[in-house]
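Participant: Let me give you the structure first, and then I'll get to my questions.
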Amino acid sequence: MKKMALMLFTALFLSILSANLIFAETIVVKMKEGTASIALSAKAMTERPLSQPSRLPISIVGFRKEMVVNPFDRVHVYETKNAIEAKETIRKFQKDPTVEYAYIEPHYELAVIRHSQNPEDQALNSSQDVKDWTSLQDHLFPSPRGVDAMFAWMVPGGTGENVTIADIEWGWEARHDDYKDNLEYIYGVNSSYVDHGTAVLGVMIGADNGFGITGIVPKAKAVTVSVDSSKYPTVAEYILFAATKLEAGDVILLEMHAGGPNKGPRQQGYVPMEYFPINFDAIKEVTSRGIIVVEAAGNGDENLDHPVYERIFDRTFQDSGAIMVGAGAPPRNNYQRQEHLGRLDFSNNGSRVDVMGYGAAVTTTGYGDLYHLTENNFYTADFAGTSSASPIVAGVAASIQSMAKATDRFISPREMRSLISTSAQPQNFAAYPGTIGGLPDIRMAWELYNLKEHRLIPEIVEPSQNQYITAGTEIKFVGKKEEGVSCGFKVINAVVGSIISESNKCSISHKFSVNGRYIVEFNMGKDGLTARNPAVREIIVDEMSAAPDLSFKYLDRYSLKIPTFSFSTPNNKNGKVFIEISQNANFDKEGLIVNYRLADQEVANQAFMPHRDMMEGMREGTYYARMRVRSGLGDSPYSNVVEFEVSGLRDNLEIMDTSIEMNNVVYTDRDYLVEEQWTFEDKVKWDQKLTIYNSNSILDRNPIIIGEFYTGSSNGDVEIVNNVLVSGGGLSPISLFATQEDYSGIPAQPYTTMFLGYSVDRLVGHSDGFYVYSNEGKIFYISLNDPMRPKVVNEYDVNPSRIVSAGSVGDRAYFAANDGIIFVDPSGVDFIKISEGDVLGATVKDKRIIIALRTEQKETMMGVFDNGKLSVISKMPVLSTGLGKIAGKVRLKSSDGFMVLSDDLTRVVATHRTASFNTPYPFTIGDRAFLADGILREYKFK
């Protein structure tokens, strides 16, 4: 089960990344024409122009052959590892009149939804032979079941042999039996989210080999470009790089999305890539050179016609040329039991979304819920999201283009978009509102392409987007006119399917008097033929007469004063609820710092406290809040505005920058400081890099490195005893390194590496030994009196899932479990149960074990454990998640920072809210406290 072990290791690795890795913040700035980039004074911020590949493909006749005006000359990228500094800097840029746009590059995610497998597929897991699962690939079959790839396979070029597809994401299984011969090259680091990339490739280029699955274009070549690399800080640069590996007529697939202006929990409010200006510019540049770009619409359940998007997705305002893909329901749908070709509820929608692909129950390579015998032949019947929809459309575009090239013809990106959307099977509007276009039909598209003199492409000129209106509003609809072509409109009640108004002209006016959902269709005819897929506008008529009511009260915990909001939503209980928080009562762009969609649970409870990611970037001061409710395509009036104070975010602590660049510190003592970083090598290998500094040199602000090495570990536990560093990993052996001498002038010696024969989860330092517990649930007592000959003195059975923290006191090691304390020494194990509450953690101060517990009343209880008994010191109305120390004082972890306790453990004397979700907790050198979050910062008590 090597594959299963790899999956477990990958999951562990990703969890450690999310907990320990400090992500760089990237600011993208485009200057107005004739201006220069702005010099920044921040020492931790670097600046450079956007990377521009030396070669972009030369388009064929009719397309630009060179950049007359380079759109990226005025784009600059600034990088910092400090989230607060990034937010402050972006506000300066946005106020500067010489700046065209400036924003923080988001952390993109894959637009995938994972669901449980189909019941009828579960039995397939027991098979020992790879079957032919083409019968489960609905999208391959003729209309109405699929896109009719089977038709294309019978046409010269239809299997994709004349086209290359570039997939831009994170990782792929390059050796998969079902497409390895078609995968031309992987550029960058191939390390993360391998199953997703594997699933995408299977949909497009899976081989026609009689087993497994078959791709839409089984003879197309694929190149993959990984964004999991330090080569470029922006995805736009990877798009431009991918274009250098392609020619006009080839295809780029973008499988990512990111949080937009309505970002909420999970993927709610996530938007397509081109929402971010530099991505739009890159996509437009690439499509102008004849390369087709297929872009996932995203899983944010957002209406892209909404005014909050300021016409970014209105093609009459700007058009990248990409084909944008929504997620529709397949005939075999295990997600919502939605009607075939209806919009799945998570899919973004709007007039900018061109076509749909299947967003659930897609059978392809990867994941392994359908079949998983070896690492080279994993299969799924449950690939989902706009991530599964987009490669279907990319395969369609590649197939049609390849057929055209087989006859010495070429289809431009915009012509391809028009062709497949016009010939698609119409969307089923019976359930969820929101336009996502129809399902492509290769046969119909090819026939339409070959009937140029009869090609009919209906287009609604006015209005340019879907509309949200109130009852009684009249709208005039205008369609495109062509000489000798007849046209007509229909206004349809989408709920009952009845035609309520129609016209045989190229315009129609209709007054919408009743609340509901309406579809307006415009079609064209000539010589007895009409377009298969009419142009569509979706109209939502909805009264939003009642504004929500917003109130708050202060929640005063651990000296942190923040509001708890309560609200009511009369007449709008089924809408999406958004909260806005601003630094001024005008809620303008400069002052607005929060526009957040609440989770469904919060809406049900109608009360919430601001989340950590909502409060990121806030400072102590006065703020203003209001809320709104979205129903259909529109918003309710805003609620009343409430004014509130935030204080205590940095109470009694002064934070000073040291100007030393440093990230995640995993160990300190009076001699050594160890910094952890992650590096990626050989496309598939990741290593824990440990850098050892002399502690005194850090205090002197003159950092001196006395050793650097790679452990191959996936665990950050590090200890140094007797000049021996021990680093343990979840699936890696212990590595022991004989340390070099410090910087006092004694010659340094090479490191020596030695491995123990078992894997390690946690290390606990001790004066003359180490205690560890392994993956098998055992605690090992290891003597290191002779550093190069470690000896296992004893081992004990302990359930590691119970452990919340570990340490040593005197000659004994202890493990704080959620229900008590486990003491270990060479003679045995002693477990003492604690019933006063759930143990949050333990630490040692003045040779006493200090324990924090969470009571049933959600309070934090502080106690001292001595002579086998717990003495309760205090109870505090604070919400804590763990325990540690800072500069000799006990600190409590919180969900968004930490609290420092008084020496008698009875009250909070200082608090600090961390800058971002990934900021590590503080550490101590001597009696001084520090935090490393890109820049090493020192804390001082006021």
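The values are calculated or read from the model by the stated rules, or taken from the named source; none is laboratory data. This structure is a prediction, so every number in the text was calculated from the model and none was measured. Positions of Cβ are backbone-derived with ideal geometry, glycine not excepted, and every protein chain shown enters the neighbour counts. Keep in mind that these areas ignore ligands, DNA and RNA; they rest on the heavy atoms of the full protein, side chains included. Shrake-Rupley method; radii C 1.70, N 1.55, O 1.52, S 1.80 Å.
Participant: I need the full set of residues from the range 380-419 which are touching a helix residue (DSSP H, G or I) at 6+ places or on another chain (Cβ under 8 Å), over 18 Å from ALA222 (Cα atoms) and among the hydroxyl-bearing types (Ser, Thr, Tyr), in order please.
Facilitator: THR380
Participant: Considering only residues that are in a strand (DSSP E or B), out of contact with any Ser or Thr (no Cβ under 7 Å at 6 or more places or on another chain) and open to solvent by 30 Å² or more (accessible area, probe 1.4 Å), look in the range 680-707 and name the one that is modelled with the highest pLDDT.
Facilitator: Step by step, filter the range 680-707, then rank; the result is GLU681.
Participant: Could you list, in sequence order, all residues of the range 845-901 that are of a type in the set (Ser, Thr, Tyr), open to solvent by less than 10 Å² (accessible area, probe 1.4 Å) and modelled with pLDDT under 80?
Facilitator: SER880, SER894 - these are the residues of the range 845-901 that are of a type in the set (Ser, Thr, Tyr), open to solvent by less than 10 Å² (accessible area, probe 1.4 Å) and modelled with pLDDT under 80.
Participant: When you look at GLU274, is it assigned to a strand (DSSP E or B), at pLDDT 90 or above and open to solvent by less than 20 Å² (accessible area, probe 1.4 Å), yes or no?
Facilitator: Here the answer is no, as GLU274 does not meet what is asked.
Participant: Related question: Which is under 17 Å from VAL718 (Cα atoms), open to solvent by 30 Å² or more (accessible area, probe 1.4 Å), assigned to a strand (DSSP E or B) and modelled with pLDDT under 70, of TYR751, TYR758?
Facilitator: Just one listed residue meets the conditions, TYR758.
Participant: Taking only the range 501-522 into account, find how many residues are open to solvent by 10 Å² or more (accessible area, probe 1.4 Å) and over 22 Å from GLY342 (Cβ atoms).
Facilitator: Looking only at that region, the number is 13.
Participant: Okay, next question. Among the numbered criteria (1) open to solvent by less than 10 Å² (accessible area, probe 1.4 Å); (2) more than 22 Å from VAL393 (Cα to Cα), which one does ILE312 miss?
Facilitator: For ILE312, the failing item is (1).
Participant: Residues of the range 474-511 being more than 18 Å from LYS526 (Cα to Cα), among the polar types (S, T, N, Q) and out of contact with any His (no Cβ under 7 Å at 6 or more places or on another chain), which ones?
Facilitator: Of everything in the range 474-511, those that are more than 18 Å from LYS526 (Cα to Cα), among the polar types (S, T, N, Q) and out of contact with any His (no Cβ under 7 Å at 6 or more places or on another chain) turn out to be ASN493, SER498, SER509.
Residue-wise test of (1) assigned to a helix (DSSP H, G or I); (2) more than 21 Å from ALA242 (Cα to Cα); (3) hydroxyl-bearing (Ser, Thr, Tyr); (4) touching a residue at least 24 places away in the same chain (Cβ under 8 Å).
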| position | (1), (2), (3), (4) |
| --- | --- |
| HIS139 | yes, yes, no, yes |
| SER143 | no, yes, yes, yes |
| MET150 | yes, yes, no, no |
| GLY157 | no, yes, no, yes |
| ILE168 | no, no, no, yes |
| GLY171 | no, no, no, yes |
| ASP178 | no, yes, no, yes |
| ILE186 | no, no, no, yes |
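Participant: Next up: Within the range 363-400, can you find the residues that are aliphatic (A, V, I, L, M) and modelled with pLDDT of 95 or more?
Facilitator: Those that are aliphatic (A, V, I, L, M) and modelled with pLDDT of 95 or more: ALA389, ILE392, VAL393, ALA394, VAL396, ALA397, ALA398, ILE400.
Participant: What single numbered condition from (1) open to solvent by less than 20 Å² (accessible area, probe 1.4 Å); (2) not in a strand (DSSP E or B) fails to hold for GLY525?
Facilitator: Against the list (1) open to solvent by less than 20 Å² (accessible area, probe 1.4 Å); (2) not in a strand (DSSP E or B), GLY525 comes up short only on (2).
Participant: Looking at (1) touching an Asp or Glu at 6+ places or on another chain (Cβ under 9 Å); (2) at pLDDT below 75; (3) open to solvent by 10 Å² or more (accessible area, probe 1.4 Å), which is the one condition that is false for VAL772?
Facilitator: (3)
Participant: All but one of (1) touching a Ser or Thr at 6+ places or on another chain (Cβ under 9 Å); (2) more than 23 Å from LYS576 (Cα to Cα) hold for PRO277; state the number of the condition that does not hold.
Facilitator: Of everything listed in (1) touching a Ser or Thr at 6+ places or on another chain (Cβ under 9 Å); (2) more than 23 Å from LYS576 (Cα to Cα), PRO277 misses just condition (1).
Participant: Separate question: Out of the residues in the range 778-805 that are open to solvent by less than 40 Å² (accessible area, probe 1.4 Å) and at pLDDT 70 or above, which is farthest from the chain's Cα centre (by Cα)?
Facilitator: Once the filter is applied, the top-ranked residue is SER783.
Participant: Can you say whether GLY326 is in a loop (DSSP other than H, G, I, E, B) and modelled with pLDDT of 95 or more, as far as the supplied structure shows?
Facilitator: no
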